[in-house]
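The values are calculated or read from the model by the stated rules, or taken from the named source; none is laboratory data. A quick note: this is a predicted structure, and the numbers were derived from the prediction, not measured. So basically every Cβ, Gly included, is an ideal-geometry build from the backbone, and we count neighbours across all protein chains shown.
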Amino acid sequence: MPLPLAPAERERAQRIRAMFGRITRRYDLMNHLMTAGRDQAWRRAAARALQLDGRACVLDLATGTGDLAFAVREVYPQAHVVAMDFSEVILREGVRKAQARAEHHVTWAVGDALALPFPDHAFDGCTNAFLLRNVVNLELALREMRRVVRPGGRVVCMEITHPQTPLFRELFWVYFGRIVPLIGGAVAGDLQAYAYLPQSLARFPAAEPLRQKMLAAGFRAVHYRLLGLGTMAIHVGVV
Ligand SMILES: C[S@@+](CC[C@H](N)C(=O)[O-])C[C@H]1O[C@@H](n2cnc3c(N)ncnc32)[C@H](O)[C@@H]1O
C-alpha cells in the first residue's frame, strides 16, 4: 500500500534513510560516546518496561544495528524478536552482530514504521529507540504500532527528550547542539548527520506533550520515565 505522504515528506524520509546508511560503521561507537556509555543500560530499562511473561513475540522497530532487539532477548530469554528497519544498510550490521553472538531468536526485516507489513494484533509488544524523532509522521507511526500489538500489550518508546531544568537545558544544548556534531564529524566523519541530531530534537515534542500524543493515538495508561539527567525518556502505552 503506498504511504500517505506528501512529496516533501517522502523526500525527507529518503534523506534520513540514506543518512543512517552512511553512518552505520561508527553508529554504535558514537552512541556509546555521546551517552558516556549509558545507552545499553537505557535499552535494558526500555526492554523491562515491556513487562512480558513467558514466550512472547516482540517487534523492535527502527532497530538499526539491533541493540534494543538484543536487550529484549537478554531480559526475556524466551521471547522472539522481529527487528525491523527501513534502511537495509544499517540492518545488515544488526544481522552481522547477531551472527557474531549466535543470536538465533531475532528475525530481521526491512520495512517502514509508517506502513507496517503485519496484521492487526500480531505482536505481544513493540519497542523502539530513537525512532520517533526521525519519522515524518509521528501520529501515523504511533497508530501503526498500536495496531500491530494485541490488546493489553505494551508499546515502549525510548527517545531523547528536552531536559526540564532551565540551567541544565542550556548546558545540554551546548553539548548536544555544538559539541556532538563536532564529535560526529571527527569520529563518524559526518558532521552533517550529527548536526541533524539537535535539529531533529528541536522540533520534537517534550515528554508530556508526547504522552498526550500517545493518548490521542489511542493508547491507555500512558506514562513515562526520565533517565540520563532528564535527557532520555521512556514512554509506555498500553494497547
Ligand atoms: C537512531 S537509529 C536507532 C537505532 C536503534 N533503535 C538503537 O537503539 O540504536 C534510528 C533508526 O530509525 C530508522 N528509521 C527511521 N525512520 C524509519 C521508518 N519510518 N521506518 C523504519 N525505520 C526507520 C533508521 O533507519 C535508523 O536505523
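For this structure, a couple of remarks:
- Among (1) surrounded by 21 or more Cβ atoms within 10 Å (Cβ to Cβ); (2) more than 14 Å from the chain's Cα centre (by Cα); (3) near the ligand (Cβ under 10 Å from one of its atoms) - the single one residue 24 does not satisfy: (1)
- Conditions (1) at negative phi; (2) touching a strand residue (DSSP E or B) at 6+ places or on another chain (Cβ under 7 Å); (3) near the ligand (Cβ under 8 Å from one of its atoms): number failed by residue 136: (2)
- Subset tally (residues that are aromatic (Phe, Trp, Tyr) and either at positive phi or touching a Ser or Thr at 6+ places or on another chain (Cβ under 7 Å) (or both)) for the range 94-133: 1
- Enumeration of residues in the range 27-57 that are out of contact with any Leu (no Cβ under 8 Å at 6 or more places or on another chain), within 10 Å of the ligand (Cβ to nearest atom) and aliphatic (A, V, I, L, M): 30
- Search result, residues across the range 104-135 that are crowded, with 18+ Cβ neighbours inside 10 Å and part of a loop (DSSP other than H, G, I, E, B): 112, 113, 114, 116, 130, 131, 132, 133, 134, 135
- Residue tally, condition surrounded by fewer than 19 Cβ atoms within 10 Å (Cβ to Cβ) and among the hydroxyl-bearing types (Ser, Thr, Tyr), over the range 86-103: 0
- Residue in the range 11-29 that is of a type in the set (Lys, Arg) and free of Cβ contacts under 8 Å to residues at least 60 places away in the same chain present: yes
- Residue count for the range 193-239, restricted to those that are in a helix (DSSP H, G or I), within 23 Å of residue 31 (Cα to Cα) and without any contact (Cβ under 8 Å) to a residue 60 or more places away in the chain: 6
- Residues that are under 20 Å from residue 156 (Cβ atoms) and more than 14 Å from the chain's Cα centre (by Cα), drawn from the range 112-124: 116, 118, 120, 121, 122, 123, 124
- Boolean, residue 13 is assigned to a helix (DSSP H, G or I) and closer than 16 Å to residue 126 by Cα: no
- Number of the condition not met by residue 83 [criteria: (1) of a type in the set (A, V, I, L, M); (2) away from the ligand (no atom under 11 Å from the Cβ); (3) buried (at least 19 other Cβ atoms within 10 Å of the Cβ)]: (2)
- Listed by first and then second residue, the pairs linking a residue in the range 166-184 that is within 13 Å of residue 202 (Cα to Cα) and of a type outside the set (Asp, Glu) to a residue that is at pLDDT 90 or above and part of a helix (DSSP H, G or I), with Cβ atoms under 6 Å apart and 6 or more places separating them unless they lie on different chains, are 176/198; 177/198.
- Flag if residue 58 is among the β-branched types (Val, Ile, Thr), within 21 Å of residue 239 (Cβ to Cβ), modelled with pLDDT of 90 or more and out of contact with any Asp or Glu (no Cβ under 8 Å at 6 or more places or on another chain): no
- Residue 50 vs. criteria under 22 Å from residue 96 (Cβ atoms), of a type outside the set (S, T, N, Q) and outside any helix (DSSP H, G or I): no
- Only a single criterion out of (1) more than 8 Å from the ligand (Cβ to nearest atom); (2) in a strand (DSSP E or B); (3) crowded, with 19+ Cβ neighbours inside 10 Å is not satisfied by residue 60, namely (1).
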